[in-house]
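What follows is one structure encoded as structure tokens, with my remarks underneath.
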Amino acid sequence: MKITQNRGSALLLVMIAMLILSLIGLSALTQSGSEINTTGNFYKDKSAFYAADAGIQVGLDEIQKQFTNPTGVLLDKNFGNQRYYTGTMTDTSAQYVKAFMGFKAPPIVGQSADMGGELNMQAVPWQLTVTAVSKAGTKNQIRKQLQTVVITMVPEY
């Protein structure tokens with residue numbers, strides 16, 4: 001009977017194979033975890049953007065209702081995990097819509113420069129800034145800010 005010195009070599013090969021498979025499984029878990037975080041951030045980003053866009057649309061409706069005094073536009077609304085308000089990201093609460101001071105708006109398309117004077121109306125540009133905050137999820141919140149300029153025709157005084 002011949003005695004060989006190969007005892008335990010199969011065990012060593014199995015241990016190396018298990019180590020390699022464990023490393024592959026660990027990297028797959030890490031990758032899937034980062035994918036879940038990326039998807040969550042994408043969702044929060046899009047929900048904040050669409051909340052800000054909804055705020056712009058509500059602000060435009062309010063300006064249209066209050067065309068003689070758009071400075072009365074002040075939005076601060078919550079729905080679900082989203083909030084939108086008029087003002088910049090640095091504002092902690094809603095701010096009124098601002099007019100561009102010292103800026104004469106160009107004539108509206110299809111209207112002559114003198115037509116506003118004939119109607120006793122003047123074009124006034126307003127800056128509407130809406131910030132949205134998405135608190136969807138538990139880790140962090142995402143803010144989006146959209147800005148638009150609205151030109152209204154107001155009576156000259």
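The values are calculated or read from the model by the stated rules, or taken from the named source; none is laboratory data. Nothing here was measured: the structure is a model prediction, and the numbers come from that model. Using ideal geometry, Cβ is built from the backbone for each residue, glycine included, and neighbour counts are taken over all protein chains shown.
Summary of computed values
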item: Unmet criterion (only one of (1) in contact (Cβ under 8 Å) with a residue 40 or more places away in the chain; (2) basic (Lys, Arg); (3) under 18 Å from Ile151 (Cα atoms)) for Lys65; result: (1)
item: Number of positions in the stretch 66-91 that are in a helix (DSSP H, G or I) and either surrounded by 15 or more Cβ atoms within 10 Å (Cβ to Cβ) or out of contact with any helix residue (DSSP H, G or I) (no Cβ under 9 Å at 6 or more places or on another chain) (or both); result: 2
item: Residue match in the stretch 5-22 (condition: closer than 30 Å to Asn140 by Cβ, surrounded by 10 or more Cβ atoms within 10 Å (Cβ to Cβ) and modelled with pLDDT of 80 or more); result: no
item: Which listed residue is touching a strand residue (DSSP E or B) at 6+ places or on another chain (Cβ under 6 Å) and either modelled with pLDDT of 85 or more or not in a loop (DSSP other than H, G, I, E, B) (or both), from Gly25, Gly59; result: Gly59
